[in-house]
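Comments concern the structure below.
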Amino acid sequence: MTVEGKTVLVTGGTGGIGKETARQLAALGARVILVGRNGDRAGAAVADLRRSSGNDDVTAITADMSRLRDVRRLAQEVSGRAGGMDVLINNAGATRPHRQLTEDGVETTFAVNVVAPFCLTHWLMPALTASGRARVINITGGVPRGRIDLDNLRGEKSYVGLSVYNQTKLAQMAMSYRFAQELTATPVTLNVAYPGHAHTSMNKDLAIGTYPPLARPIVPLLRLATPIVLGRRALLRATRSSVYLASSPEVRETNGTYFNSAARPTPWPDAALDRTTRDTVWELCARERDRPATA
Ligand SMILES: NC(=O)c1ccc[n+]([C@@H]2O[C@H](COP(=O)([O-])OP(=O)(O)OC[C@H]3O[C@@H](n4cnc5c(N)ncnc54)[C@H](OP(=O)(O)O)[C@@H]3O)[C@@H](O)[C@H]2O)c1
């Protein structure tokens, strides 16, 4: 498939890597729906993308992916629109300096990075299958290696923001691996993309307490260096794997594959390959999905 005329939803599409991804897909002729929390920022992103891509078929829906009622409303709103959903890019991500629970009582990083993509994909499944051949792309991050401490998956025992972020991204990969297995009999594929690093609000605004204690002395230096090292080219590079997975005919049937920042298939981390981890993460997500809806 090419994405021309296809409907693409990008969560966290009003800023950072998601917005740049959305810009490129709009330039390829996709019908793009952006998701962000703030109506003004969403409106500005729509205007910017329409102008810079030459494609007027860009709209936005506001939703906070840390709130299940917003994720549910987003799925309902999109499903109610004519036509199916061809590409879903679960891009919105979160880091927090301190342990913080959402209104649903879920640790916020886990809620945005793991529970939201799980629930949104589930709740959009009728729209995804209706489009014939749909693609789901989950964006990972952090250091995607190693295992998960299942006893501290949601920062219950100790909380260092970036470590918990890493663990949640590994958990997202474990959830994605199992999700792709569950989709084998459907016309929907699910793959994971690692974007690589870019200078965005996620790392610009990171409070010093989010870093592990040993790294804190070099944070001022990092803050000076990253805008220089990670310029516009890094932002463009960070969209490579997701734009490829969303648009290339080469990956039409590819399912359950992890792509690195150069858009090449790459081995899954141990956390995703470990069945106990996968099933534990899946069950935690399913519990949130199956909660009764709140107003
Ligand atoms: N930046 C990097 O170096 C890097 C490296 C590896 C992986 N990643 C991953 O790549 C993805 C995008 O990263 P990024 O750096 O572009 O992040 P970012 O700068 O934080 O992304 C900003 C976008 O996400 C939206 N957003 C943030 N929280 C949201 C929430 N709770 N609900 C809905 N929308 C939300 C923002 O809109 P509003 O503010 O208006 O809500 C905006 O559209 C993330 O999954 C991240 O983990 C990033």
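Descending by average beta-carbon neighbour count within 10 Å, the peptides 142-151, 89-98 line up as 89-98, 142-151, the highest first.
In the chain, the portion of solvent-accessible area held by carbon and sulfur atoms comes to 51 percent [1.4 Å probe, whole percent, DNA, RNA and ligands not counted].
Counting only DSSP H runs of at least 4 residues, each contributing -39500 (n - 2.57), and dividing by the residue count of the chain, the helix-based mean residue ellipticity at 222 nm comes to -12500 deg cm²/dmol. Phi-derived couplings, Karplus 6.51 cos²θ - 1.76 cosθ + 1.60 at θ = phi - 60°, listed residue by residue for segment 262-268: 8, 6, 10, x, 9, x, 6 Hz, with x used for Gly and Pro. Ignoring ligands and nucleic acids, what accessible area does Ile33 show with a 1.4 Å probe (Å², nearest 10)? Rounded to the nearest 10, that gives 10 Å². In the context of the full set of protein chains, residues of the chain present 44 Å² of accessible surface per residue (probe radius 1.4 Å, heavy atoms only). So which of Lys19/Lys204; Lys6/Lys204; Lys6/Lys169 end up more than 23 Å apart by C-alpha? From Lys19/Lys204; Lys6/Lys204; Lys6/Lys169, over 23 Å: Lys6/Lys204; Lys6/Lys169. Along the axis of the charge dipole computed for segment 7-289 (Cβ charges of +1 for Lys and Arg, -1 for Asp and Glu, origin at the Cα centre), the listed residues Ala198, Gly132, Thr277 are led at the positive end by Ala198. Using a Gaussian network model of the chain in which every pair of alpha carbons under 10 angstrom is joined by a spring, one finds that among Asn113, Asn55, Asn203 the greatest mean-square fluctuation is at Asn203. Decide, for the chain, between rounded, prolate and oblate: order the square roots of the alpha carbon gyration tensor eigenvalues as a ≥ b ≥ c, take rounded if a/c falls under 1.5, and otherwise choose prolate if a/b is larger than b/c, else oblate. It comes out rounded by the Cα gyration axes.
When only DSSP loop residues count, what trypsin sites (Lys or Arg not before Pro) in segment 58-136 have their Cβ near at most 16 other Cβ atoms within 10 Å? Listed in order of number, the matching sites are Arg81, Arg99, Arg133. Residue-wise HN-Hα couplings along segment 246-258, as the Karplus relation 6.51 cos²θ - 1.76 cosθ + 1.60 with θ = phi - 60° gives them from phi, are 6, 10, 7, x, 4, 10, 4, 10, 6, 9, x, 10, 9 Hz; Gly and Pro carry x. Simple rule: put +1 on each Lys or Arg Cβ and -1 on each Asp or Glu Cβ in the chain, find the dipole, and look at Gly13, Tyr177, Leu101; the Cα lying farthest toward the positive end is Gly13. Across segment 143-154, rounded Karplus estimates of 3J(HN,Hα) from the backbone phi angles (6.51 cos²θ - 1.76 cosθ + 1.60, θ = phi - 60°) give 10, x, 9, x, 10, 10, 7, 5, 7, 10, 4, 10 Hz, Gly and Pro being marked x. When all protein chains stay in place and ligands, DNA and RNA are ignored, the 1.4 Å accessible-area order of Asp270, Asp205, Asp48, largest first, is Asp205, Asp270, Asp48. Averaging the sequence gap over all C-alpha pairs within less than 8 Å and six or more residues apart, then dividing by the number of residues, gives segment 7-289 a relative contact order of 19 percent. In a reduced charge model with +1 at each Lys and Arg Cβ and -1 at each Asp and Glu Cβ, segment 156-295 shows a dipole moment near 580 debye about its Cα centre.
The values are calculated or read from the model by the stated rules, or taken from the named source; none is laboratory data. Note that this is a predicted model, so its numbers are computed, not measured. Backbone-built Cβ (ideal geometry, glycine too); neighbour counts: all protein chains shown. SASA here: full protein model, heavy atoms, side chains in, ligands and nucleic acids out. Shrake-Rupley method; radii C 1.70, N 1.55, O 1.52, S 1.80 Å.
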